[in-house]
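Down below is the structure, laid out as structure tokens.
The values are calculated or read from the model by the stated rules, or taken from the named source; none is laboratory data. Please read these numbers as outputs of a predicted model, since none were measured by experiment. Reconstructed Cβ throughout: ideal geometry from the backbone, glycine too, with neighbour counts over all protein chains shown. Protein only, heavy atoms only, side chains kept; ligands, DNA and RNA dropped before computing areas. Shrake-Rupley method; radii C 1.70, N 1.55, O 1.52, S 1.80 Å.
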Amino acid sequence: APRFLATCCESDGTDLAILTTAPRGLKSGDRTTWFVLFHNVAGTGYYLSPVGLEVLVEHKDLHVSRWRLRQVFYNGRYFASTGDLEDAFVANLLEVVRVEKPQADTVLGLMRPRHPPGSLGPLHYEPQGPRYSVRGNRVTFQGWSVAFGMNPNSGPRLFDIRYRGERIVYELSLQEALALYGSNCPGGMSTRYLDGSFGIGRFAYELVRGLDCPYTATYVDRHYLAESETPKTNQNSLCIFEHDAALPLRRHFSDSQSLYYGGLRKNTLVIRAISTLINYDYIWDFMFHGSGAVEVRVHATGYISSSFLHGQGTDYGNRVGPHTLGTMHLHHIHYKVDLDVNGQMNSLETQDMGYELVKEPWSMQNTIERPYLRRERLEREDEAAFPLNAPMPRYLCFASPFTNKWGHPRSYRIQITSFAGEHLPASSPMERSISWGRYQLAVTRRKEEEPTSTSIYNQNDPWTPTVAFADFINNETITNKDLVAWISVGFLHVPHAEDVPNTVTVGNGVGFFLRPYNYFDEDPSVDLPDSVYFSSEQDAGACGANPLACLPHATACTPHLPPFRYGGFLNL
């Protein structure tokens, strides 16, 4: 359709970029894909510059020469071929929206700096070198010991997480990342990306020193084997660092009776990787706190995906450019957490608060609403599968049969921070392929034949899924068994003007905590060397009484930083 392309898009067709969609069809056996076309401008994300043209390609045949164009979509209308599109244009039967080819210096989504660099901001560095140690794929830090790795499909995974020599978690691994879109264009409305099939770990590229991670972090290469007979390396694609949160882990200022101050800085070990899945960048963080808690967090950034704005487009998002609709979408992330709390045999216990109306014991003439603690041990898998939008007890713990000094079961609590909504209606023919999304939390018996909640094959045939997570939940007993927690987190993203050029990480992060709950006899951070305590009777400015007073002398020198290098483009 040369005359149409020249008029609508100032293009001859060779300078357009395409974005694939998935799944590829509407039923098992289909091999058809909508491709969305964009203006391609070097040095910026083309995802914000749709031209309004989308094509449906059937690619079922093993011979590329027999692939066929099945439909063409433009500005709200469907055509059987590009020839029909051209004929309608020539006959003046087509409403054409002229989209000028964007210029490199004014294109929507340009990320080049608009101003020269200013003064340097704060710098993260260790004045006496790292306090953690990395040997092979194991990192140790202030009582923590963690083996880290990267699955080329499902992404980052940790094994044998120990604190003070005791295993807390056998496996903590990302399982899947779903991005499900809405639009009044065919490509957008049919997109349900299951990123594990593309390769969450495979597309975790080299990290930029000083921005993606602190400049002085430890950077580690990751290797994978995919679509090749030889291994490939993503150099410096995982980073490890100690993070000063600029927040007390705990503190108290005593202004009555005795006068003193006591506290402890919140310093955390962080293991991080960042995956670029087409337009989106996911920042995967695993954090280890001095209190014995593990924090897992994911942030979404990168470019939004978009459709050509036409008709009632704003029913599916917001206008963010002259012809660009930022399309609404869900982010749902699934994790496997194989906890071994004081051994493999655990039970699931819940606690929440209720009120009881009682007479005041000291007057008996009045009543008072007294909070009390409801405790329950869940016996079977069906009880421990919590639907996405259903109420869930605020305390959920993997409990050991052994107790701490005070007679309570040694436990770890699962605390989820998520804003996920409905992943797909239950009536959808592809819902079973992402049935893990039904649950904010599900606890099942650990089985060797249930290693993952999904499969890389679920993307291209979600209608007959290779793995359906819902089948894992079959009401088996979960008392004093080897258990696995499957956790879903996510949020709804309705793109808006401030998502251009990129979505920011602020407010776009979700995750969960694994927190000790009566696992210890007291907060284990009391044994950390960073504690600070001084009283009114001491000289707080003396280095011997207060380690903070030593900082002006211990950190007087400017750190020696390695030269900046980046080779992330070499292997593409």
- request: Specify the residue that is farthest from Ala177 (Cα to Cα); the eligible residues are those in the range 24-38 that are out of contact with any Leu (no Cβ under 8 Å at 6 or more places or on another chain) and buried (at least 17 other Cβ atoms within 10 Å of the Cβ).
  value: Gly25
Residue among Pro102, Pro50 that is crowded, with 20+ Cβ neighbours inside 10 Å and modelled with pLDDT of 95 or more: Pro50
statement: Taking the range 465-496 and keeping only residues that are assigned to a loop (DSSP other than H, G, I, E, B), under 24 Å from Leu378 (Cβ atoms) and open to solvent by less than 20 Å² (accessible area, probe 1.4 Å), one is left with Ala468, Ile478
message: Quick test for you: out of Pro501, Pro462, pick the one residue that is in contact (Cβ under 8 Å) with a residue 40 or more places away in the chain, assigned to a loop (DSSP other than H, G, I, E, B) and closer than 30 Å to Arg112 by Cβ.
response: Pro501
- request: Note down all Cβ pairs under 6 Å where the first residue falls in the range 1-23 and is modelled with pLDDT under 95 and of a type in the set (S, T, N, Q), the second is open to solvent by 10 Å² or more (accessible area, probe 1.4 Å) and assigned to a helix (DSSP H, G or I), and they're at least six residues apart or on different chains.
  value: Ser11/Leu5
task: Please indicate, with yes or no, whether at least one residue in the range 149-157 is under 30 Å from Ser525 (Cα atoms), in the same structural domain as Ser197 (by the TED database) and assigned to a loop (DSSP other than H, G, I, E, B).
output: no
- request: Can you tell me which residue among Gly109, Gly118 is assigned to a loop (DSSP other than H, G, I, E, B), surrounded by 12 or more Cβ atoms within 10 Å (Cβ to Cβ) and under 36 Å from the mean Cα position of the chain (by Cα)?
  value: Gly109
query: When the range 497-529 is examined, which residues are found to be open to solvent by 30 Å² or more (accessible area, probe 1.4 Å) and either touching a helix residue (DSSP H, G or I) at 6+ places or on another chain (Cβ under 9 Å) or of a type in the set (Gly, Ala, Ser) (or both)?
result: Ala497, Val500, Pro501, Val504, Gly507, Pro516, Pro529
- request: Look through Arg202, Arg167 and report the one residue that is in a loop (DSSP other than H, G, I, E, B) and of a type in the set (D, E, K, R).
  value: Arg202
- line: The residue from Gly201, Gly196, Gly182, Gly155 that alone is open to solvent by less than 30 Å² (accessible area, probe 1.4 Å) and either among the aromatic types (Phe, Trp, Tyr) or in contact with a Phe, Trp or Tyr (Cβ under 6 Å, 6 or more places away or on another chain) (or both) is Gly182
query: Among Val146, Val134, Val139, Val169, which is open to solvent by 10 Å² or more (accessible area, probe 1.4 Å) and among the aliphatic types (A, V, I, L, M)?
result: Val134
query: From the set of residues in the range 227-281 that are more than 26 Å from Gly155 (Cα to Cα) and of a type in the set (Phe, Trp, Tyr), which is most open to solvent (accessible area, probe 1.4 Å)?
result: Phe253
query: Out of all the residues in the range 533-554, which are closer than 21 Å to Tyr125 by Cα and either open to solvent by less than 50 Å² (accessible area, probe 1.4 Å) or in a strand (DSSP E or B) (or both)?
result: Ala549, Cys550
query: Can you tell me which of Val90, Val41, Val96 is farther than 30 Å from Trp463 by Cα, among the aliphatic types (A, V, I, L, M) and open to solvent by 60 Å² or more (accessible area, probe 1.4 Å)?
result: Val90
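Condition check ((1) out of contact with any Phe, Trp or Tyr (no Cβ under 8 Å at 6 or more places or on another chain); (2) touching a residue at least 12 places away in the same chain (Cβ under 8 Å)) across all residues:
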residue	(1), (2)
Leu94	no, yes
Arg98	yes, yes
Thr106	yes, no
Gly109	no, yes
Arg112	yes, yes
Gly118	yes, no
Leu123	no, yes
Ser133	no, no
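Among the listed residues Gly317, Gly290, which satisfies the condition of being of a type outside the set (Lys, Arg), out of contact with any Cys (no Cβ under 9 Å at 6 or more places or on another chain) and over 16 Å from Leu514 (Cα atoms)?
Of the residues listed, the single one that is of a type outside the set (Lys, Arg), out of contact with any Cys (no Cβ under 9 Å at 6 or more places or on another chain) and over 16 Å from Leu514 (Cα atoms) is Gly317.
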statement: Scanning the range 521-536 residue by residue, those touching a Ser or Thr at 6+ places or on another chain (Cβ under 9 Å) and not hydroxyl-bearing (Ser, Thr, Tyr) turn out to be Asp523, Pro524
query: Under the condition of being crowded, with 19+ Cβ neighbours inside 10 Å and charged (D, E, K, R), which residue from the range 396-442 is nearest to the chain's Cα centre (by Cα)?
result: Arg438
